[in-house]
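**Student:** Have a look at the structure that comes next, please.
The values are calculated or read from the model by the stated rules, or taken from the named source; none is laboratory data. Note that this is a predicted model, so its numbers are computed, not measured. A quick note on method: Cβ atoms are made from the backbone with ideal geometry, for glycine too, and the neighbour counts reach across all protein chains shown. Side chains included, ligands, DNA and RNA excluded: accessible areas come from the protein's heavy atoms. Shrake-Rupley method; radii C 1.70, N 1.55, O 1.52, S 1.80 Å.
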Amino acid sequence: MEGSAKEVCYLAHTCAGGSLTCGVLAIVPMLRELEMNSKAGNLSGARELIEAAKVQFQKARNIIEKFQKR
């Protein structure tokens, strides 16, 4: 596994685990796909998966921020 693919794999794995722990389930499938692809050394499509994960993260963040304002 090439250097950057290894880093992407580690980050995707870590973020997926943290998301599961926090109950942010919508982001997990794209992170797992990113993890599996990068584990195989394949970073094609990574940008799209990251952008999709960012959208889900922002949705979760908005919900958490609304909850905190109560």
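**Student:** Tell me, what is the per residue accessible area of the chain in Å², probe radius 1.4 Å?
**Tutor:** Ligands and nucleic acids excluded, the result is 74 Å² per residue.
**Student:** Counting only Cα, what are the radius of gyration and maximum Cα-Cα distance Dmax of the range 1-57, in Å?
**Tutor:** 10.5, 31
**Student:** If you don't mind, another one. Whenever you get a sec, compute what percent of the accessible area on the chain sits on carbon and sulfur atoms (1.4 Å probe).
**Tutor:** Its accessible area is 60 percent carbon and sulfur atoms.
**Student:** Positive end of the dipole of the chain, charges at C-beta (+1 Lys, Arg; -1 Asp, Glu), about the Cα centre: which of Gly41, Ala60, Leu31 has its Cα farthest in that direction?
**Tutor:** My answer, from the dipole projection, is Ala60.
**Student:** For Lys66, go through the lysines and keep the ones whose alpha-carbon is under 30 Å away, minus same-chain ones fewer than eight residues off.
**Tutor:** Lys54
**Student:** Next up: Treating cross-link reach as a plain straight distance, find the aspartates and glutamates whose alpha-carbon is under 18 Å from the alpha-carbon of Lys59, omitting any fewer than eight places away in the same chain.
**Tutor:** Here the aspartates and glutamates satisfying the reach criterion relative to Lys59 are Glu48, Glu51.
**Student:** Rounded to the nearest 0.05, what FRET efficiency do Gln68 and Ser44 have when you use their Cβ-Cβ distance and R0 = 30 Å?
**Tutor:** It comes out at approximately 0.20.
**Student:** Can you give the helix-only mean residue ellipticity at 222 nm for the chain, where every DSSP H stretch with n ≥ 4 adds -39500 (n - 2.57) and the sum goes over all residues, rounded to the nearest 500 deg cm²/dmol?
**Tutor:** My calculation for the chain gives -26500 deg cm²/dmol from helical runs alone.
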